[in-house]
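Engineer: Here it is, the structure, as C-alpha cells.
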Amino acid sequence: MTTPASPKTATDNGAPVKAKGLEGVTALDSGISFIDGQAGTLIYRGYTIEDLARNASFEEVAYLLWHGDLPKQSQLDELNAQFRAARTVHPDIIDHLRHHTPKDAVPMAALRTALSMLALYDEEAEDMSPEANARKAVRLTAKLPTLLAAFDRIRKGKEPVAPKQEGSTAFDFLYMLNGEEPGPAAEEIMDAALVLHAEHGLNASTFAARVIGATLSDMYSAVVGAMGALKGPLHGGANIEVMGMLLDIDATSADTKTYIEQKLADKEKIMGIGHRVYKTLDPRAVILRGMLEGLSDEKGERKWLEMSDTIRQTVKDAKGLEANVDFYSASVYYLLGIERDLYTPIFAMSRMTGWTAHLLEQWEDNRLIRPRAGYNGPRNKTVGPIAER
Ligand code: COA
C-alpha cells in the first residue's frame, strides 16, 4: 500500500523548500571575495578585479587570498621561493601519468587522479594544524601546473619538462607545457588569466571543498572533490564547450547568428553565457575580451573575437543573458596555442588558491555543513512477502 507523496515538497522537519539549487541562499560568511551580481562587480578582499588584473601578479593574489592583504616585497619573495621549491612532483606520480594513465584520458580526470596521489607523498597530508594547512595550500598551487604540463606532454609522446624553478607560475607552466620559454606577452596574459580565475565566492567547486573540509577531512580530499565539481560543463567545463562551439561554427561555415538562434530554438544552452549570481555582464568577461582583442590584433586573427561578439549579442537580444568568465577565456587560450581540453585544468590551477583560502577560513571557525532535503517520496509503506511484490 502506498500513500501519495505530500503535495508540497518539504524538508524532513516540515519546513517548505524555497531554494532549488540553493539560489539566493547565504550559507556562511566569508571575507575572501564579494560579487555584486546587479552591478557586475567583483572584489577579492577589498580590491577590485580590474585593479588586481592590471596591477597584481597571480602570486600576489594567492598571498592576498590566503593572508587577507597584499604581500610586502619580502613576503612575496618568500612565497615565490616556496612556490619554486615546491613545483617538482614525486617521480612515482610522473610514472603513474606515464605508465598507468590512458593517453586519451580526459585531462580533468587525469589531473583529479594525480592530485589525489599527491596526498600519498605528502608527510603533512593528515596534519590539520593551521601552519601545515597553509604550507599545503602553497604546495598544491605549485604542483598542479607541473602535473598538467607533464600529462599533456606524455599523452603527446613527449618527455615531461622539469620545472625551471625560476620565474612566475605562468612562466614556468608555459615553459613546462611547450618545452620553451614563453615570451613576455604570453606570460603576462596567462598571469592575468590566473588572477581572474582565482576566486569567486561560494561557487559549486568552492562550496564542495568547504562541505568536505567541514567534516574535518584533509585538504587534499577537499580539493579533489572541488576538481570534480569544476569539471562539469555548467561550471568550469564551460570554456572547453565554448571553444567547441566556435570551432564548429568555423568548420561548418555557418552564419553565427543563425547557428545560435537555432540552438536557442532547440532549447539548448549557449555555453559561456548566463550566471547564477551576475544579472549583468561578468566583469571578468570584460577584462578577458580586452585581452582577446589585443591578442587578436597581435596575431592578425580577429574571427574568434568577432564570432564571440555576435554570439553574445544574439543571446543578449533573445534572452537578456550576458557572457561569463568562460566565454572569452576560451579564445584567449586558443590564440595562445593551448589545447582545448586544457582550459578547465588551467582554471583549476588558478582556483586552487581560492579553494584553499576557503578551506583555511572554514577551519578557523568550523561547523559541519549539513542541510536538509525536502522529502517528496511516499510514506506509510509496509514490507510484504517478496513473492507478492
Ligand atoms: N543559454 C541559453 N539559455 C540560458 C543559459 C544559456 N547559457 N543560461 C540560462 N539560460 C536560461 C534557461 O534556459 C532558463 O530559461 P527559461 O526560464 O526560459 O527556462 C533561464 O535562463 C534560467 O536558467 P537556469 O539554468 O535556471 O539558471 P541557473 O542560475 O541555474 O544557471 C548557469 C546558471 C551558469 C548554470 C547557466 O546560465 C548555464 O548553464 N550557463 C551555461 C554554462 C556556463 O557557461 N557555465 C559557466 C558559469 S561561470
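The values are calculated or read from the model by the stated rules, or taken from the named source; none is laboratory data. Everything numeric in this text was worked out from a predicted model, so none of it was measured. Every residue, glycine among them, receives a Cβ derived from its backbone with ideal geometry; neighbour counts consider all protein chains shown. In case anyone asks, the SASA skips ligands and DNA or RNA and just uses the protein heavy atoms, side chains included. Shrake-Rupley method; radii C 1.70, N 1.55, O 1.52, S 1.80 Å.
Engineer: For segment 164-179: of the residues being more than 23 Å from the chain's Cα centre (by Cα) and either of a type in the set (S, T, N, Q) or at pLDDT 95 or above (or both), which is farthest from Thr353 (Cα to Cα)?
Structural biologist: Per the stated criteria, the residue is Gly179.
Engineer: A further question follows. Please go through (1) over 27 Å from Asp191 (Cα atoms); (2) in contact (Cβ under 8 Å) with a residue 40 or more places away in the chain; (3) open to solvent by 20 Å² or more (accessible area, probe 1.4 Å) for Ser129 and return the number of the only condition it doesn't satisfy.
Structural biologist: Status for Ser129: all satisfied but (2).
Engineer: Need the failing condition index for Ala134 against (1) touching a Phe, Trp or Tyr at 6+ places or on another chain (Cβ under 7 Å); (2) over 26 Å from His96 (Cα atoms); (3) outside any helix (DSSP H, G or I), just the number.
Structural biologist: It is condition (3) that Ala134 fails.
Engineer: Are any residues in segment 242-277 open to solvent by less than 10 Å² (accessible area, probe 1.4 Å) and either more than 8 Å from the ligand (Cβ to nearest atom) or over 17 Å from Gly232 (Cβ atoms) (or both), and if so, which ones?
Structural biologist: Met243, Leu246, Ile249, Ile260
Engineer: Can you give me the number of residues within segment 295-312 that are under 15 Å from Ala185 (Cβ atoms) and not in a helix (DSSP H, G or I)?
Structural biologist: 2
Engineer: Step by step: first the residues of segment 278-294, then only those that are within 16 Å of the ligand (Cβ to nearest atom), open to solvent by 30 Å² or more (accessible area, probe 1.4 Å) and assigned to a helix (DSSP H, G or I), then the one that is farthest from Asn203 (Cα to Cα). Which residue is that?
Structural biologist: Result: Arg289.
Engineer: Quick one: is Gly300 at positive phi and surrounded by fewer than 23 Cβ atoms within 10 Å (Cβ to Cβ)?
Structural biologist: So Gly300 passes the test.
Engineer: Still on this structure, I have one more. Can you list residue pairs whose Cβ atoms sit under 8 Å apart, with the first residue in segment 215-235 being free of Cβ contacts under 8 Å to residues at least 60 places away in the same chain and within 19 Å of Trp363 (Cβ to Cβ) and the second being of a type outside the set (Lys, Arg) and more than 16 Å from the ligand (Cβ to nearest atom)? Count only pairs 6 or more apart in sequence or on different chains.
Structural biologist: Within 8 Å, the pairs are Gly225/Ala209; Gly225/Val211; Gly225/Ile212.
To keep it simple, each residue is scored yes or no on (1) within 21 Å of the chain's Cα centre (by Cα); (2) away from the ligand (no atom under 16 Å from the Cβ); (3) of a type in the set (Val, Ile, Thr).
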{"residue": "Asp326", "(1), (2), (3)": "yes, no, no"}
{"residue": "Tyr343", "(1), (2), (3)": "yes, no, no"}
{"residue": "Gly354", "(1), (2), (3)": "yes, no, no"}
{"residue": "Asn366", "(1), (2), (3)": "no, yes, no"}
{"residue": "Val383", "(1), (2), (3)": "no, yes, yes"}
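Engineer: How many residues does segment 163-181 hold that are over 21 Å from Lys103 (Cβ atoms) and surrounded by fewer than 22 Cβ atoms within 10 Å (Cβ to Cβ)?
Structural biologist: 9
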